[in-house]
Structures are given as structure tokens and as C-alpha cells.
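The values are calculated or read from the model by the stated rules, or taken from the named source; none is laboratory data. Owing to the predicted nature of the structure, the values given are computational and were not obtained by experimental measurement. Positions of Cβ are backbone-derived with ideal geometry, glycine not excepted, and every protein chain shown enters the neighbour counts. All accessible areas refer to the heavy atoms of the entire protein, side chains included, with ligands and DNA or RNA removed. Shrake-Rupley method; radii C 1.70, N 1.55, O 1.52, S 1.80 Å.
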Amino acid sequence: MTTTPPSTTSTQIVELPPSYLLPAGILLGGLGLTLIQLWLGLTVAIFGLFLMIQTATIRLQFTEVALDVYRSGKLIRNFPYQDWLNWDVFWPPVPILFYFKEVNSIHFLPMLFNADTLQACLQERCGNLKANQTSR
């Protein structure tokens, strides 16, 4: 008699590592822009600094049933996969934005974490919802 071992996919919790590329690029771009237009450059640089702080404090964890969002170690939001209709990473050559749609809301997150790990976790946990999208 042979037995099949239980599947272990999607049971491990995966925390996405932070990526400072986008906030650093915006911060440096804003600083460079101050040479041309002071107030616009400062505004962009401050936004880059804000994203840098968010990158240091926000963490995404993929659990078996949901995407959990943590700020400084405290759970602030939970997004069950069963409610997801679609997801996408905008501009894959240089990923800058993560989008996902739930039954009742749409979410956009700047790419403050490792894009490759994010896409691998999304494929594993949610599949390719872009191809399976149906109108509801």
C-alpha cells in the first residue's frame, strides 16, 4: 500500500523582504530636481523620504489563507485570498506598483518589497487571476 504525503504548498508563512530601490530613486530624483525647480524637487524628495520610512516599517506576510499587512510588527490589515478578483505588478522591467482587486475594493501599493518574491507568492497563493478574471 502506498500513501501520498500531504501537500505542503501554501502552508508556509512568507514575509517579503523590503526593497529600498523605489524610495531611494524617488528621493534622489527629487534632490536632483531641486536644481531645476526647488519646491517641486523638495516635494518629490519628501515623498521619497516618506516611502523610505514606510519601507522600513511596513511588512507583507503571505499566510495560508490571506495577505497580512504589518506596521512595526503589529497586524493592521488582512486580505483573504478568497476575496481577490485580480492582481498585477505594473511595469515588470522596473516594478513600481502592486495592484490587487478584492470583491469590494481596489488596492495599490508602491513596490516597497522584493518584486520577484511577491510575484512568486502571488502565483503560488492566488494563481493567475488575470487570466481567470470574470465579471462580477
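Output yes when any residue across region 43-63 is farther than 23 Å from L21 by Cβ and either without any contact (Cβ under 8 Å) to a residue 12 or more places away in the chain or touching a helix residue (DSSP H, G or I) at 6+ places or on another chain (Cβ under 7 Å) (or both), and no when none is.
no
I'd like the full set of residues that are open to solvent by 50 Å² or more (accessible area, probe 1.4 Å) and hydrophobic (A, V, I, L, M, F, W, C), limited to region 98-123.
V103, I106, F108, L109, A120
Say whether the condition of being within 17 Å of the chain's Cα centre (by Cα) and either under 16 Å from A24 (Cβ atoms) or aromatic (F, W, Y) (or both) is met by at least one residue in region 40-47.
No - not one qualifying residue is present in region 40-47.
Restricting the search to region 46-88, which residues are of a type in the set (F, W, Y), under 17 Å from M111 (Cα atoms) and open to solvent by less than 20 Å² (accessible area, probe 1.4 Å)?
Selection gives F62, W87.
For W91, work out the one condition from (1) within 18 Å of I26 (Cα to Cα); (2) under 11 Å from the mean Cα position of the chain (by Cα); (3) open to solvent by 30 Å² or more (accessible area, probe 1.4 Å); (4) not hydroxyl-bearing (S, T, Y) it doesn't fulfil.
(2)
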